[in-house]
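I have placed the structure first, in the form of structure tokens, so that the comments after it can refer back to it.
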Amino acid sequence: METPQIPRQADLQETLRIILKNAIEALGGSAGVVATWSETEHRFMTSGCYGLDTKTMERLLPLLDEAIPDLATSVHNFNLLSALNFDPPLPTSDQGLILNPVIALPLRVGRRSVGLIYVLRRLGADSFSIPDQATLAAFARQAAIAADNARLVQTLSEEKEKMEYMLEGSAEGIMGIDARRRIVGFNSAMERLTGYPREVVLGQPCHQVLNLRDWEGKSVCNTTRCPMLMRPDDCTSNCELQGEIQTADGQDVEVAMVYSLMRSYERGQPASAVINVRDIRRLREIENLRSTFLSMLGHELQTPLSIIKGYTDTLARSDGKWDKKTLHHGLEVIEEECDRLSKLVNRLLLASRIETRTVTLKKDEVQLPAVASKVIRRLEATAGKHNFEVSFNPGFPVVYADPERMEEVITNLVDNAIKYSPLGGKITITGRAEVDHVKVTVADEGIGIPRRDLERIFDRFRRGDTSQVQKVRGVGLGLYICKSIVEAHGGRIEVSSEPGAGSRFTFTLPLQEKR
């Protein structure tokens, strides 16, 4: 008798056919059917047959549809077989009982029915005996185990597919490692984060691929700080580490890694781990920006407040005898510093409204050459070392924009040009008209901008980290506000610069009819 292997779902029918064939031969039968219970369809499905033609099988299907798991041993279920047109046919008695020899047993795993097995002999053959039932029971056990194993394999396969779908759909990197800390799982997010293809890293030691380092640059891998090497008391099930890993192209990426450990019951050591790897560059950048902003804001507030406090304390002294000129000068300084504070607060409020998209544009016809000239007249009094030039092409068209916001853009750009040109030099505002837009450029001959800072120069609270930049007062909002205003008008702003060779900020605005 052939002994079937544990089947996969794909070859279950062939396995059951072999078991059924062996059972029929052992029992001297002529035909047989194995049906397994489908939990999803909630009915019996024909999983194997022998000695039955297609037409007979078609007549069998309604019987299986009517059957339920506990009918396998009922007389009523046997009587239903009389509806089948076997060749030769199954004769029945006046009471409807089948006279053809037939034997049927349920396929059981424990107390659970997983199917039915039928074996029939030809008309006139001996009836099935009690030993025949024991023989069929042995085959039924084999068929039940095969069917249940196939069900388990199918369930595991479906659960595996669900898990893989969840892992692949995760925005966070997920990696699995075994007890030897070799990579056994690597989802698509990990591929994107590290730049390593999955097929390259599977089977590789974790430390060779990621090489996690702490914020001081010291390796965490192969030390007792690795959760896989920690004592059980130090890391029970979940541990988090933060540091830097290196990508395939050599870039350092700041990450948070959460280890979910599965320990061996015998030794208590980690048998495997699932690691969630999250890119925290943006979070750390925000935290650094917050710290930098608070530091800059404190400095920007402290300077005018100290000046105001100093002058008010001096002017308020009871023993002071100040002449009119001294009093006037002191009050002018206090007024200037109050204006500076008011300007800072207004910028913070505007940045907040931009962030929440609550800025309203009040558009009208705007003469940008006139706005540029107005800004220069207002700022040149505070810029003794600089020369200014305004040059717009003749016939420069009127634009439809918010006049106040356009003045703010040009003011911010010219103010930056003055502040970042400490040795003076020429500052020019030029404008020309294109087919469907206008282009305005503010250029200076100042310290310039390092290439590494150009990409993020328009970000909120972004300032360069060179010593020359740090000497200039500001909180990094001017260019962010410029970009937001220009883009709200449907335009664009860009910068070109080289360290020591000055900067050129250019913005465009679409030509639109007044509406």
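Test ASN222 against the stated conditions and say whether it is touching a His at 6+ places or on another chain (Cβ under 9 Å), at positive phi, touching a residue at least 12 places away in the same chain (Cβ under 8 Å) and part of a loop (DSSP other than H, G, I, E, B). Taking the combined requirement at face value, the residue satisfies it.
The rows are residues; the columns are (1) within 23 Å of PRO510 (Cα to Cα); (2) out of contact with any Phe, Trp or Tyr (no Cβ under 9 Å at 6 or more places or on another chain); (3) modelled with pLDDT of 90 or more.
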site: THR314; (1), (2), (3): no, no, no
site: SER318; (1), (2), (3): no, yes, no
site: GLU335; (1), (2), (3): no, yes, no
site: VAL359; (1), (2), (3): yes, yes, no
site: LYS363; (1), (2), (3): yes, no, yes
site: LYS385; (1), (2), (3): no, yes, no
site: PRO397; (1), (2), (3): yes, yes, yes
site: TYR400; (1), (2), (3): yes, yes, yes
site: LEU413; (1), (2), (3): yes, no, yes
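Filtering VAL435, VAL475 for residues that are surrounded by fewer than 17 Cβ atoms within 10 Å (Cβ to Cβ), at pLDDT below 90 and out of contact with any Ser or Thr (no Cβ under 6 Å at 6 or more places or on another chain) leaves a single hit, VAL435. Quick one: would you say GLU168 is modelled with pLDDT of 80 or more and exposed (fewer than 13 other Cβ atoms within 10 Å of the Cβ)? Considered against the rule, which asks whether it is modelled with pLDDT of 80 or more and exposed (fewer than 13 other Cβ atoms within 10 Å of the Cβ), GLU168 comes out as yes. Name the residues in region 180-216 that are modelled with pLDDT under 90 and at positive phi, would you? Listed by number, the list holds a single entry, ASN211. Run down ALA150, ALA189 and say which single residue is in a helix (DSSP H, G or I) and more than 24 Å from the chain's Cα centre (by Cα). Unique residue meeting the criteria: ALA150.
The values are calculated or read from the model by the stated rules, or taken from the named source; none is laboratory data. What you see is a predicted model, and the numbers here were worked out from it, not measured in a lab. Every residue, glycine as well, gets a Cβ built from its backbone with ideal geometry; the counts of neighbours run over all protein chains shown.
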